[in-house]
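The block underneath contains the structure these notes are about, expressed in structure tokens.
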Amino acid sequence: MPTYTLTVNGQEHAVEAEPDMPLLWVLRDILGLTGTKFGCGSAFCGACEVHVDGAVQRSCVAPVSGVSGSVVTTIEGLSEDGTHPLQLAWNEVNVPQCGYCQSGQIMRAAGWMKDTPNPTAADVDANQSSNLCRCGTYQRIKEAILLAAEKGA
Amino acid sequence: MYGLELAGVIEPRTNLPGQLTVLNVSRRRFLKTTALGAGSVFVLGVFSGCSQDNLADWPDRAEPIGSLEEAGFKPNVFVGINEAGDVFLVCSRSEMGQGIRSSVPAIIADEMGADWDRCHILQATGHPRFGNQNTDGSRSIRNHFDDWRKAGATAREMLLAAAAQTWSVTPGDCSMAVHEVRHADGRTLGFGELAATAATMAVPASPAFRPRNEWRYIGTEIQGRDNKAFVTGSATYGVDVQVEGMLYAAIKRSPVLGGRVASVDDSAARAVSGVRDIVRLNEHTFPPAFQALGGVAVIADNTWAAFKGRDALQVTWEASDHDGWSTGAQRAAMDESVRAPGTTVREAGDTDAATVGATQVVEATYHIAMLPHAPMEPPNATAWVKADGTCEVWAPTQAPQTARGSVAGALGVDPEAVTVHVTFLGGGFGRKSKPDYCVEAALLSQAAGAPVKVTWSREDDLRHDYYHPPSAQYMRAGLGADGAPVSWLHRSSFPPIGSTFSNGVTGPGARDLLSGVSNMPYVISNVRFEACRAIAHQRIGWLRSVYNIHHGFSVNAFVAELAHAAGRDAKDYLLELIGPDREMTDLFPRPPVLDTARLKGVIRRAADEAGWGRELPTGHGMGIAGHFSFSSYVAHAVHASVENGQVRVHRVDCAVDCGTAVNLDRIRSQMEGATVFGLTIALKDGIEATDGAVTTGNFDTYRLLTMAETPETHVHIMDSDLPSGGVGEPGVPPLAPALAGAILQATGQPVRSLPIRLT
């Protein structure tokens, strides 16, 4: 089995895995980083989103062979102590219901907000609508993103 | 019956609020083995459903758990205090987004005088000693509010007594401050200092509840206790469970219900790197209930290898009775069914004669597609059947006791040998009340001789659900010269939940029509309600708000059509139809009883907040609907427009009367979520099946509402000090018919099918 090198949340790992194993399962089943969620396995829902070399990536369809040597950030590494402005805003607005999709939602927002730090509500709709939430927390996700932007995410 | 009780369609006869007994169990030996007992010096158990007489000889005995069970003791709340003053609460309900882990400590802390931040929650494992743990039917607060208050109030009075004894003063000189007892002269004793003494105090027989004006948390915006865990990825859901030496499994199940394996070629699956073994699981028998469906399982070193191996299996299936089923044919069969009279479940007056004499007759047939639960976390469970015959299960389950019993039954062991650990649930909506997936994990662990986690793919989830039944409903009303209905006929056809638990069920029964059909609240002299034949071709189960989904839709949408036909304002017409203020004890023989004043109250409130009656642009409309379910009243006013056949929802105003409000924030979030849930039902394709098999596979074919499609939603909570009602489910039913009313007003075209497809 080939070995791949990944830097995940600042820590370097040598991972033995089949080339086609998606990054999602490398993170969850091999590295034990379960904050990144399995929702659909086909890039439809966004629950598995992480940052690969700074870009938002759906980890459920990213074969490990294609991300070897990359720098990966997961929800566990977004901030040291849960104080990223988006995490704080999420708490302030009481966004989560079941919470399952929220790590993907937050990682997505943290990604696109690098280029759009002062979004309008329409920007949020345009950039965040690819991420599904069955509990229906969309209104609060939007509110939290706008709040975080206001406070300088 | 069993399924209906679980579903909240009918109320279970046990565990209703009422007879409660609180016992000081500080020195019970069994507690020493629990996380609560290990550190706490003061512990109370609250027992419901058994009398003091039954407990008379118990307090002086220290018995192991088994004996307690045999004696019928079911403490469903524990409150403990350790010497540091930390309060520990056992939460016997599952957390799936409704915020129960925030609401329970709020209630107990308020009665107790505790600081909410110093209350720690311990999640109960599945066990009868916790009372009914089935977290469905929107029952947690409405059935347990008083249990939790009583636990807190008892602790408060014992802490006060302990302080009085310590100071050698009368209890009247002591008052409860926050997390400490205060003497009139200013002295204080903290909970930790008092705990050991409190444990020796007599348990008050009927501790007084604190008045509302002393509540610090109940009725406020309570911050989510687990927010930080959610936003940092540290919350452990079922699918996140890791057990030393654990293997991973995926299962190929019959695409058609009842299909049995004819042949398996597993050579390609075995060749997949990481695949350890292939295990045959016996197919279920009928009725399926909570059995594992059966099929062929792949056991592997990781989830990916299990999925890959499963996909590489070549399995052929024997013929099934359901091979010919398609969702289209089922709809046609139900249409046929409601064209003819069904079984009358209630009748008053002479509907047919009154219709003949009517000025105008309106008829409509309503449909809703078959619906999945689709929680974002698909079904999964981890089980470990150990060499000593015991089994541990870790699962996102709404029904830990049902899981325990089902696993024990499948393994052929005593339920006491099975421990079910309840994780966070990544959504439930009723799916995770059905523990078939826990049974799968247990059977596979038994076969593998190791801990096994079984994970359902999204396709597994959407193709093997316990679906909300598809339905057809025929409505007919005769209108008098004044436009008011003189007759009302409602025929309802859908495969009921009972078909999952009993063979030979050929359609809904009288009980199945209680959620808004035969007990609808309109004043009409001549009415008839008929249950019509429908055969299940899949496992049917309860989905958030259950039969209220289709009944709330048809009844409310039809009233909007009648108002339209009569040339009347939809809101005024609806309110007039509901008629005078009254408690409908005739049609609701036991609580909860529909109170028409409260129903009209939410309808008026939603209308007022939405600006009902204001002029709208061309192509826009506003609709309104109200529905009573799970002891609560919800009305939606929906503002929508139609352009080029596309529906756009601009704003939703939701008024909810759920009696005493415990957690304003979670009530609002449940209503916001119900709006999205309801709009997904109204606008997105349901489940499709052909040749006996579900073809819908993933979120590309079962689409959820997205953020961009989500309207501005305003939730208005009615102030009330009546007993609390449910919150999780009652927000769903009125949304779709209110939208239908808006489209009717905007276009003049009635909406009779969900999902809505305008031509």
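What number of residues within the stretch B:666-683 satisfy the criterion of being within 10 Å of another protein chain (Cβ to nearest Cβ) and open to solvent by less than 10 Å² (accessible area, probe 1.4 Å)?
Residues in the stretch B:666-683 being within 10 Å of another protein chain (Cβ to nearest Cβ) and open to solvent by less than 10 Å² (accessible area, probe 1.4 Å): 10 in total.
Select, from B:410, B:403, the only residue that is assigned to a helix (DSSP H, G or I), open to solvent by 40 Å² or more (accessible area, probe 1.4 Å) and within 25 Å of residue B:540 (Cβ to Cβ).
Residue meeting the stated conditions: B:410.
Looking at the stretch B:104-129, which of the residues that are open to solvent by 10 Å² or more (accessible area, probe 1.4 Å) and assigned to a helix (DSSP H, G or I) is modelled with the lowest pLDDT?
B:129
Could you please tell me which pairs satisfy a Cβ distance under 6 Å, a separation of 6+ or placement on different chains, a first residue in the stretch A:103-123 that is more than 17 Å from residue A:93 (Cβ to Cβ), and a second residue that is of a type in the set (Ser, Thr, Tyr)?
Note: pairs meeting the criteria are A:123/A:116.
How many residues does the stretch B:386-400 contain that are under 29 Å from residue B:97 (Cβ atoms) and in a loop (DSSP other than H, G, I, E, B)?
Looking only at that region, the number is 4.
Within the stretch A:96-153, which residues are surrounded by fewer than 22 Cβ atoms within 10 Å (Cβ to Cβ) and within 17 Å of residue A:35 (Cβ to Cβ)?
A:111
List pairs: first residue in the stretch B:263-281 and in the same structural domain as residue B:248 (by TED's automatic domain parsing), second residue modelled with pLDDT under 95 and not in a strand (DSSP E or B) anywhere in the structure, Cβ distance under 7 angstrom, at least six positions apart or on different chains.
B:273/A:1
Hey, any hits in the stretch B:202-214 for a residue that's over 17 Å from residue B:157 (Cα atoms), hydroxyl-bearing (Ser, Thr, Tyr) and either at the interface with chain A (Cβ under 7 Å from one of its Cβ atoms) or without any contact (Cβ under 8 Å) to a residue 40 or more places away in the chain (or both)?
no
Looking at this structure, is residue A:86 closer than 19 Å to residue A:145 by Cα, open to solvent by less than 50 Å² (accessible area, probe 1.4 Å) and facing another protein chain (nearest Cβ under 9 Å)?
yes
Hey, residue B:230 hits all of (1) hydrophobic (A, V, I, L, M, F, W, C); (2) open to solvent by 60 Å² or more (accessible area, probe 1.4 Å); (3) within 27 Å of residue B:433 (Cβ to Cβ) but one; which does it fall short on?
Result: residue B:230 fails condition (2) only.
If you go through the stretch B:363-385 one residue at a time, do you hit one that is open to solvent by 30 Å² or more (accessible area, probe 1.4 Å), assigned by TED's automatic domain parsing to the domain that holds residue B:411 and within 30 Å of the chain's Cα centre (by Cα)?
Yes: one or more hits.
Tell me, yes or no, whether the stretch B:690-709 has at least one residue that is closer than 27 Å to residue B:521 by Cα and touching a residue at least 24 places away in the same chain (Cβ under 8 Å).
No, that holds for no residue.
Name the residue, out of B:477, B:395, that is in contact with a Cys (Cβ under 6 Å, 6 or more places away or on another chain) and crowded, with 23+ Cβ neighbours inside 10 Å.
B:395
What are the pairs, 6+ residues apart or on separate chains, where a residue within the stretch B:96-117 that is within 14 Å of another protein chain (Cβ to nearest Cβ) and within 15 Å of residue B:221 (Cβ to Cβ) has its Cβ under 6 Å from a residue that is among the aromatic types (Phe, Trp, Tyr) and open to solvent by less than 10 Å² (accessible area, probe 1.4 Å)?
Going by the 6 Å Cβ cut-off, there are no qualifying pairs.
Can you report the number of residues in the stretch B:440-483 which are among the β-branched types (Val, Ile, Thr) and touching a Gly at 6+ places or on another chain (Cβ under 8 Å)?
0
Could you run through the stretch B:622-664 and say how many residues are open to solvent by 40 Å² or more (accessible area, probe 1.4 Å) and among the β-branched types (Val, Ile, Thr)?
0
Just name the residue that is surrounded by the most Cβ atoms within 10 Å (Cβ to Cβ) out of those in the stretch B:581-621 that are touching a His at 6+ places or on another chain (Cβ under 9 Å) and within 16 Å of residue B:735 (Cα to Cα).
Restricting to residues being touching a His at 6+ places or on another chain (Cβ under 9 Å) and within 16 Å of residue B:735 (Cα to Cα), the top hit is B:606.
In the stretch A:30-74, which residues are within 13 Å of chain B (Cβ to nearest Cβ), surrounded by 24 or more Cβ atoms within 10 Å (Cβ to Cβ) and among the hydrophobic types (A, V, I, L, M, F, W, C)?
Hits for the stretch A:30-74 are A:38, A:40, A:45, A:47, A:48, A:50, A:60, A:64.
In the set B:610, B:597, which member is of a type outside the set (Ser, Thr, Tyr) and in contact (Cβ under 8 Å) with a residue 24 or more places away in the chain?
The unique qualifying residue is B:610.
Among the strands (runs of 3 or more DSSP E) contained in the stretch A:1-58, which hold 2 or more residues that are touching a His at 6+ places or on another chain (Cβ under 9 Å) and not small (Gly, Ala, Ser)?
Correct list: A:3-8.
Can you tell me which of (1) within 20 Å of residue B:351 (Cβ to Cβ); (2) out of contact with any Gly (no Cβ under 6 Å at 6 or more places or on another chain); (3) small (Gly, Ala, Ser) is the one residue B:516 doesn't meet?
It fails just one condition, (2).
When you look at residue A:72, is it touching a helix residue (DSSP H, G or I) at 6+ places or on another chain (Cβ under 6 Å), in the same structural domain as residue A:27 (by TED's automatic domain parsing) and not small (Gly, Ala, Ser), yes or no?
Taking the combined requirement at face value, the residue does not satisfy it.
If residue B:757 satisfies every condition in (1) of a type in the set (D, E, K, R); (2) part of a helix (DSSP H, G or I); (3) under 26 Å from residue B:335 (Cβ atoms) but one, which is the exception?
(2)
Go through the residues of the stretch B:420-428 one by one and say whether even a single one is in a loop (DSSP other than H, G, I, E, B), surrounded by 22 or more Cβ atoms within 10 Å (Cβ to Cβ) and out of contact with any strand residue (DSSP E or B) (no Cβ under 9 Å at 6 or more places or on another chain).
Yes, the stretch B:420-428 contains at least one residue that is in a loop (DSSP other than H, G, I, E, B), surrounded by 22 or more Cβ atoms within 10 Å (Cβ to Cβ) and out of contact with any strand residue (DSSP E or B) (no Cβ under 9 Å at 6 or more places or on another chain).
Could you please tell me which pairs satisfy a Cβ distance under 6 Å, a separation of 6+ or placement on different chains, a first residue in the stretch A:124-148 that is of a type in the set (Val, Ile, Thr), and a second residue that is part of a loop (DSSP other than H, G, I, E, B)?
As it stands, the answer is A:137/A:95; A:137/A:97; A:141/A:95, since those pairs meet every condition given.
The values are calculated or read from the model by the stated rules, or taken from the named source; none is laboratory data. Because the structure is predicted, anything quoted here is derived from the model rather than measured. Heads up, the Cβs are rebuilt from the backbone with ideal geometry, glycines too, and the neighbour counts pull from every protein chain shown. Remember, those area values only see protein heavy atoms, side chains included, never the ligands or the DNA or RNA. Shrake-Rupley method; radii C 1.70, N 1.55, O 1.52, S 1.80 Å.
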